[in-house]
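Here is the structure we will look at, set down as structure tokens.
The values are calculated or read from the model by the stated rules, or taken from the named source; none is laboratory data. All figures in this text were calculated on a predicted structure; none of them were measured in a lab. Counting neighbours? That spans all protein chains shown, and the Cβs are built from the backbone with ideal geometry, glycine included. The area values use the complete protein model at the heavy-atom level, side chains included, leaving out ligands, DNA and RNA. Shrake-Rupley method; radii C 1.70, N 1.55, O 1.52, S 1.80 Å.
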Amino acid sequence: MKFLIPLTLAAAMLSQTVWAGDADAGKAKSMPCATCHGLNGMSTLNEAPNLAGQPLIYLIEQMRAYRSGKRQNEIMGIMAKPLTNGDIDDLAAWYSSIKVEVK
């Protein structure tokens, strides 16, 4: 039992390292996304979702699903295809770091 807490803590730290992206790099890479998703992740089109403030892991999983074709959308399939895992991690770090205020 005394080993369970350190193992759980180590697993949590490792998982954060694996998903760590660079928000500044993601912001720099986000210009093609801004056409539909807005400069700060707030959508400019009714059919495009807001990305600002979405959970990091959700954004990573969805962009990878678009890239692989597991999730289907004509535009996102094309946009996600050339992205590397690092690009996706950076973009997800950027969009998840944006604070959304509800008024």
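Short version: ³J(HN,Hα) in whole Hz for each residue of the stretch 58-64, in order, from phi by Karplus 6.51 cos²θ - 1.76 cosθ + 1.60 (θ = phi - 60°), x for Gly and Pro, what are they?
4, 4, 4, 4, 6, 5, 5
Determine the per residue accessible area of the stretch 56-103 with all protein chains present and a 1.4 angstrom probe, expressed in square angstrom.
So the stretch 56-103 comes to 65 Å² accessible per residue, rounded to a whole number.
What ranking do 55-68, 32-45 get when scored by the average of other Cβ atoms within 10 Å per residue, highest first?
Highest-to-lowest ranking by the protection proxy: 55-68, 32-45.
Within a Cβ distance under 11 Å of residue 66, other residues only, what is the Lys/Arg minus Asp/Glu net charge? Can you show the working numbers first?
Values: positive: 64, 67, 70, 71, 81; negative: 61, 74.
After counting each charged neighbour, the total is +3.
Which residue, chosen from 72, 86, 102, occupies the Cα position most advanced towards the positive end of the dipole of the stretch 60-103, where the dipole is computed from +1 (Lys, Arg) and -1 (Asp, Glu) charges on Cβ about the Cα centre?
Selected residue: 72.
Mean shadow of the stretch 29-103, computed from the convex hull of its alpha carbons, in nm²?
In nm², the orientation-averaged hull projection of the stretch 29-103 is 4.8.
Using a cut-off of under 15 Å, list every residue of the stretch 22-45 whose amide N is near the label point 7 Å from the Cα of residue 97 along the Cα-to-beta-carbon line.
Counting only backbone N, you get 22-31, 40-41.
Within the set of other residues whose C-beta is less than 15 Å from the C-beta of residue 94, count the net charge using Lys and Arg as +1 and Asp and Glu as -1.
-2
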